[in-house]
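The values are calculated or read from the model by the stated rules, or taken from the named source; none is laboratory data. Everything numeric in this text was worked out from a predicted model, so none of it was measured. No Cβ is skipped: glycine too gets one built from the backbone with ideal geometry, and neighbour counts run over all protein chains shown. Heavy atoms of the whole protein, side chains included, go into the accessibility calculation; ligands, DNA and RNA do not. Shrake-Rupley method; radii C 1.70, N 1.55, O 1.52, S 1.80 Å.
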Amino acid sequence: TEGADPAVLRGAEDALRTVRYLMFETHRDLKGTAWSKETIHSVVSNLNSRGFDCYWAGGNGNLASITWCYHASFEKVGWGNIACVKRGDVWWQVMESFDPNARFTKPREAPSEAPSEAPSEEPMPKVQAEETTAEPFNATVDSKAISAMVAEGAFVQLPGVQKRCADPRNRRIKGCKYPRERCKLSYWHVIGESGTSCPGTSWLDDLVQTDPDPHKVIVNIGCDSGQDSIAWLQRFDQNHFWNRRKWFDVLPDSKSPCRFDAHLRKPPRYNSSATPMAVCVDAMPLTVHVLKETRHRAKYDPKDTESVGKFKILQRAITDVANEGATLEFPAGQGEAKIRVPAATVDGLVQTLHLSKVDVLIVSTDGSDPAILRGAENTLRSVRYLMFETHRDLQRTDWSNHTVFSVVNELNNFGFDCYWAGNNGNLSSITSCYQSFFEKLGWGNIACVKRDDMWWQVLEKHDPNTLAFVTS
């Protein structure tokens, strides 16, 4: 359409579920069109999340993968044509055969026949096929099946923005003849013995430097001491009002196993009157009481913060399904007495609060995180950065019925790349470098970012395994 193609594709979300082959024009050379607000990277990443592999369609009859081999120079190509095909369709193998670079990598196995329904993701290896037919976030993976998958190669790579064209010698190349292994450094080399129980925050500072716009909404499920929520408000605070050190000083003795760095980097100046908002949610009555008392002592009550942001504290038991008026039982205090707490899902909470978006979602509930994510399907469409806990060490919790693999695989369907969040400040990709021993790590933290978001590149830079060519 000579410039309107990205807009046309945005209006074709439902149609794309059945489309097997797609061809569209790029016109990055035309100002004042939809291409002025979109990049090749953003459009192809969005199509990737819908199960497409995309290629430059050459005038010489060749195809050149963009999904696997994106480079910043593509944004300067101007007028061109891109052909896309669904992964898992019989036509996918046809397209691969026309890409000369395909011969330099181990080919992925295509299905023997076309699926009855257009898939929304790249099929997993054969041994996993029967394990991923459940509804979203319900897929569980048998440990033997995982081991069998890993036995096929050193790593299992979930379908995502995959790269096969980086030069391992970091040289400028004319062709794409140097596939580089994404997972060269092991989890232990990248994360170390300290693990991911109390992750560093260096990448969070870089997120703010990349996008300091203060119009952010942060939702924290399992708020505990509230320090994380205050820290997020401080990171995006152009008024320098919110302060985690001040909060810590008036907070009653906290038993958190993690040390908090009270000195946060100031955000870059940003010309906007918008202010950040944090929603702090916890089910424990005593915790909610302490949070509200601490908010009052810090002078962060709603009447004190109208012009600088919002800090809401809510008592809710967040779960995967909650009918109107539902409640769950929680300890009233340190004794044996219990109290009924209103139940809600993340989606229901967001709707009740009339939130138009959620930029950052943090989940830390000592075992219920997979269930909470199941109840956040609509919210996850707007979430840009997600952090949640793994607790495969806790029996009789939701982690007893879910694996790291199954949860990260479902988040991949929402367009997220997920990483182990190291205590040492490093990130280690799970989406690209899953291994079966991840299921035995116990308590840990996983950070996820949308692949088509500007924050994706920030997290990639904190993973030592990132390829030589980083998308811009």
Q: Give the carbon-plus-sulfur fraction of the accessible surface of region 1-89 in %, rounded to a whole number; probe 1.4 Å, heavy atoms of protein chains only.
A: 54 percent
Q. Are there GluC sites (Glu not before Pro) in region 1-90 that DSSP puts in a loop and that have at most 14 other Cβ atoms within 10 Å, and which ones?
A. Glu2, Glu13
Q) If the limit is 21 Å between Cα atoms, which of Lys184/Lys450; Lys37/Lys461; Lys246/Lys266; Lys216/Lys310 go over it? A) Lys184/Lys450; Lys37/Lys461
Q. Where does the charge balance sit around Ile218 when Lys and Arg score +1, Asp and Glu -1, over other residues with C-beta under 15 Å from its C-beta?
A. 0
Q: Among the trypsin sites (Lys or Arg not before Pro) in region 212-309, which ones are in a DSSP loop with at most 11 other Cβ atoms within 10 Å of the Cβ? Mind listing them?
A: Lys255, Arg259, Arg269
Q.
Please report the carbon-and-sulfur percent of the accessible area for region 283-388; probe 1.4 Å, protein heavy atoms only, DNA, RNA and ligands left out.
A. 48 percent
Q: Could you provide, to the nearest whole Å², the per residue accessible area of region 344-472 with probe 1.4 Å?
A: 31 Å²
